[in-house]
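K.L.:
Dumping the structure here so I can ask a few things about it.
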Amino acid sequence: MDKYKKLVSNTVIFAIGTFSSKLLVFLLMPLYTRVLSEADYGVVDLLMQTGNLLLPLVSLGINNAIIRFGLDKSSDSREVFTGGLATLASGYGIFLVAYPLLRWALSLSGSSSIMEHIGLIYLFVLLSTTRSLFASFVRSQERVRLFAIDGVLSTVYTIIFNVLFLVVFKWGVTGYMLAVVCADALSSLFLFFTARLHRFIWPDKLRWGQLSPMLRYCIPMIPTTVFWWITNVSDRFIVTSMLGEAANGLYAASYKIPTVITLVSGIFIDAWQMSAISESRSRSRARFFTRVFSSYQSLIFIAASGLILFTKFITYIMVSAQFYPSWQYVPFLIMATSFSCLVSFSGSIYMVEKKSVLLLITTFAGALINIVLNFCLIPIYGVNGAAFATFVSYAVVFILRAVNTRAYIPVQWGTPKLILNTAILLAQSLLLIQSPPYWIAYESLLCLGMIVLNFKGLWDTAMRLLNRANRRQPKHLARRR
């Protein structure tokens with residue numbers, strides 16, 4: 001199959017599975033903001049983010065290695081899966097022993113509510129790491145349709161458990177966490193039995209010769225993930241410490257609208273990683289990466305511009321009245337999320353080249369900048385200081401990677417268009433936050449300018465794909481005759 005056609009095909013399939021589950025976070029906002037108070041939602045956010053920090057530490061980041069080595073045709077799938085399970089089991093065993101250390105670390109947050117839910121954090125980490133491992137292995141076997149089906153079913157599970165635990169039983173914070181845990185448990189069982197993963201569990205295949213390169217690849221990604229967590233989440237803890245749990249509840253709510261950008265990007269990146277690895281030995285890979293990035297950048301910035309334009313309207317629809325002020329923190333977070341998508345694309349080059357240490361170095365730079373800016377800007381600008389700090393951090397990481405990765409794959413990043421796109425988003429963000437007279441007219445003009453600037457690239461890509469399909473059709477029909 002043509003590499004462009006395969007990328008589009010996999011993107012569509014991943015969209016079916018991923019769109020429903022990612023969109024669910026967005027669509028359930030009205031439910032969450034009506035059954036949870038600002039303080040409760042702030043606690044839920046801290047619990048989830050604490051769990052997300054622990055996931056790579058407990059699993060040793062083995063999911064990254066499963067995808068990278070599982071897609072490698074020279075690897076034995078049984079060795080890859082068995083090694084992944086053994087790594088996860090060992091990591092969780094250490095996590096259980098480290099219970100006193102976890103209690104001490106969480107006590108530093110100053111939130112007694114987090115301390116009351118440590119058991120749920122342990123359940124969340126166990127089921128989430130298990131489901132992620134199974135899903136990663138299914139992806140590495142290129143069973144993308146099964147991956148998509150699981151995504152749809154996972155969405156159904158989550159909706160049912162949220163309604164049951166939050167609306168019927170009214171369990172509040174506990175109900176929110178249990179809904180996530182139960183959905184992950186059912187998803188893990190579905191993947192294990194449907195994909196017949198027991199066939200790949202061979203203790204005899206647990207060889208250091210295979211596990212060693214996997215660990216060398218994924219272990220540097222553990223601090224990388226931690227540093228990403230710092231960039232993404234440390235501001236929540238600093239906001240909680242400086243401004244209180246209610247302020248963090250508003251900030252957490254404001255993160256949900258930029259989730260749409262992550263949704264668009266995440267669907268593509270899942271498919272793109274498979275294509276990037278497949279084309280890693282191609283002579284034309286630089287041109288392939290350049291063309292794909294050009295369209296990807298256009299799509300991300302058009303989506304971001306449209307979201308900023310409609311931020312107040314979307315916030316009004318999606319959250320209760322007490323959470324409505326969160327709209328003012330959304331614009332800079334949309335900018336931050338847009339650049340996080342560009343960072344993910346540039347990181348795929350390191351993944352192809354197995355340069356996980358460089359992932360670590362660039363991510364550390366972003367985390368360090370984020371921490372410093374948070375302490376400098378939050379006391380002056382409040383919650384928006386944290387949002388702007390996150391944007392700057394991602395922008396710096398992308399610049400570092402864009403320069404450094406040219407040594408491996410000389411991608412043309414389209415710098416003039418990238419700068420202009422960023423300038424338009426920044427202008428839109430400042431306009432929305434200030435909301436001067438006739439701001440809607442100005443926002444609309446800027447959004448139109450964004451579409452005009454980027455539409456041609458998307459159109460050219462679509463036409464190129466259609467032309468490729470048309471050129472292949474006669475041969476296909478001839479074979480059928």
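K.L.:
Which of the numbered conditions does Leu60 fail, given that it passes all the others? Conditions: (1) in contact with a helix residue (DSSP H, G or I) (Cβ under 7 Å, 6 or more places away or on another chain); (2) more than 19 Å from Leu127 (Cβ to Cβ).
P.N.:
(2)
K.L.:
Ok, one more. When you scan region 378-385, do you find a residue that is not aliphatic (A, V, I, L, M) and not in a helix (DSSP H, G or I), even just one?
P.N.:
Yes, region 378-385 contains a residue that is not aliphatic (A, V, I, L, M) and not in a helix (DSSP H, G or I).
K.L.:
Report every pair of residues separated by at least 6 positions or lying on different chains whose Cβ atoms are under 6 Å apart, first residue within region 79-93 and touching a residue at least 40 places away in the same chain (Cβ under 8 Å) and closer than 19 Å to Arg196 by Cβ, second of a type in the set (Phe, Trp, Tyr) and in a helix (DSSP H, G or I).
P.N.:
Val80/Phe69; Phe81/Phe137; Phe81/Phe200
K.L.:
Being part of a loop (DSSP other than H, G, I, E, B) and surrounded by fewer than 16 Cβ atoms within 10 Å (Cβ to Cβ), is that true of even one residue in region 80-95?
P.N.:
For region 80-95, residues part of a loop (DSSP other than H, G, I, E, B) and surrounded by fewer than 16 Cβ atoms within 10 Å (Cβ to Cβ): absent.
K.L.:
Which condition breaks for Pro416 when tested against (1) farther than 30 Å from Phe364 by Cα; (2) at pLDDT below 95; (3) surrounded by fewer than 12 Cβ atoms within 10 Å (Cβ to Cβ)?
P.N.:
So the condition that Pro416 fails would be (1).
K.L.:
Shifting gears a bit: Being at pLDDT 85 or above, surrounded by fewer than 20 Cβ atoms within 10 Å (Cβ to Cβ), aromatic (Phe, Trp, Tyr) and part of a helix (DSSP H, G or I) narrows it down to one residue among Tyr316, Tyr251, Tyr329, Tyr296; which is it?
P.N.:
Being at pLDDT 85 or above, surrounded by fewer than 20 Cβ atoms within 10 Å (Cβ to Cβ), aromatic (Phe, Trp, Tyr) and part of a helix (DSSP H, G or I) holds for just one of Tyr316, Tyr251, Tyr329, Tyr296, which is Tyr316.
K.L.:
The conditions are (1) surrounded by fewer than 16 Cβ atoms within 10 Å (Cβ to Cβ); (2) farther than 30 Å from Ser74 by Cβ; (3) at pLDDT below 95, and Leu189 fails exactly one of them. Which is it?
P.N.:
(3)
K.L.:
From the set of residues in region 96-138 that are outside any helix (DSSP H, G or I) and not aliphatic (A, V, I, L, M), which is surrounded by the most Cβ atoms within 10 Å (Cβ to Cβ)?
P.N.:
Among those that are outside any helix (DSSP H, G or I) and not aliphatic (A, V, I, L, M), it is His117.
The values are calculated or read from the model by the stated rules, or taken from the named source; none is laboratory data. This one's a predicted model, so the numbers in the text were calculated from it and none came from an experiment. Every residue, glycine as well, gets a Cβ built from its backbone with ideal geometry; the counts of neighbours run over all protein chains shown.
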